[in-house]
Amino acid sequence: MTTAAKRPTKPEAKRPTSNTIARSAPSRSGFVAHVARWAGLSVVQFVLVEYIVSATWRGLYSYRNNYISELGIPFCGPTGNWPCSELYVLLNASMVLFGLAIAAVGGSWYIVRRIDGRAASFFVVAGVGAITAGVVNQGVNYPIHSFGATVFFVFGNFGLVIAGGHPSLRRSIRVAVTALGAVGLAGYFAYMSGHEFGLGIGSMERIATYALLVGVVVLSVSQFNATRAPKTVDETA
C-alpha cells in the first residue's frame, strides 16, 4: 500500500492584525489633524501679502476706498493704463492659497469631527470660489472673477455661522464664530448694495473678508488641542 506524497503547501499570506490596523489608523488621523490645525492658521498669509502689494501700488492705494481685487491686476486707473503694482501676481497667488486653505479646513475638520458635513461643504465651495477669483483676476474676466469672489464671501461666512454651532466648541467660541460669520455676511451684502456707512467701499469688502479670515483662525486656535491625534502605546512592546 503506497502513501501519496504530500504536496508542499504555500505559506499563508500574513493578514493584518488588529494591532497593525490600530497603529495605522492614528497615523492617518494624525496627518489629518495636522492639516486641520495648520490650514486654518495659514490664512493669515493673505493679510501680509495684501499689505506688501498695497505698499508698492503707485503709492496711492487706500484700504478704505479701493477694492482688494485692484491689487491683483497690472494696470488701473479710469482708462486702465495706470501701473498698479509689479507684485500683483503675489496677491492672486495668495488668494489661491487662501482658497486651498479654506477647502482643506472644511475637509480635514470634518474628518476629525470638528465640524459637521454642512459646514464642511460650505467651506469647500468657498475655497473653490477663492481659487477661481485668484486664478481669474478682474482684468482677465470680470464676471468670472466676481462670481468666484461672491461664492467665497457668501459660502465662507455662512460656513462660519454653521460651524459656530458645533457642540465641540465652548460657548464663548460658538458665539464669537457665529457673530463673525454674521458680520461677514452683513458686510458683503452692504458692499454689494453700495452701502458704505461712511467707511468706504474698500472697508466694506474687507469686513466680509477679514471676518471670515478671523473666524477661521479663531476656530483653529480653539480646536488646536482637540485636533491632536492621541498617542497610542505599542501593545507588542
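The values are calculated or read from the model by the stated rules, or taken from the named source; none is laboratory data. These numbers were taken from a predicted model, which means no experiment stands behind them. Glycine gets a Cβ as well: all are built from the backbone with ideal geometry, and neighbour counts include every protein chain shown. These accessible areas exclude ligands, DNA and RNA; they are computed on the full protein's heavy atoms, side chains included. Shrake-Rupley method; radii C 1.70, N 1.55, O 1.52, S 1.80 Å.
Brief remarks on what is shown
- Residue match in the range 115-137 (condition: more than 16 Å from the chain's Cα centre (by Cα) and within 30 Å of S222 (Cβ to Cβ)): no
- Applying a threshold of 9 Å to beta carbon distances and a minimum spacing of six or more residues, or different chains, the list of pairs starting in the range 33-56 at a residue that is open to solvent by 10 Å² or more (accessible area, probe 1.4 Å) and ending at one that is among the acidic types (D, E) reads T56/E86.
- Exactly one residue out of I131, I102, I68, I115 is closer than 18 Å to F155 by Cβ, touching an Asp or Glu at 6+ places or on another chain (Cβ under 7 Å) and crowded, with 20+ Cβ neighbours inside 10 Å, and it is I68.
- The residues in the range 139-175 that are open to solvent by 50 Å² or more (accessible area, probe 1.4 Å) and either in contact with an Asp or Glu (Cβ under 6 Å, 6 or more places away or on another chain) or farther than 20 Å from W109 by Cα (or both) can be counted, and the count is 7.
- Pairs where the first residue, in the range 207-219, is closer than 19 Å to R64 by Cα and the second is in a helix (DSSP H, G or I) and hydroxyl-bearing (S, T, Y), C-beta under 7 Å, 6+ apart: A208/Y188; A208/Y191
- Condition check for W109: loosely packed, with under 15 Cβ neighbours inside 10 Å and not polar (S, T, N, Q): no
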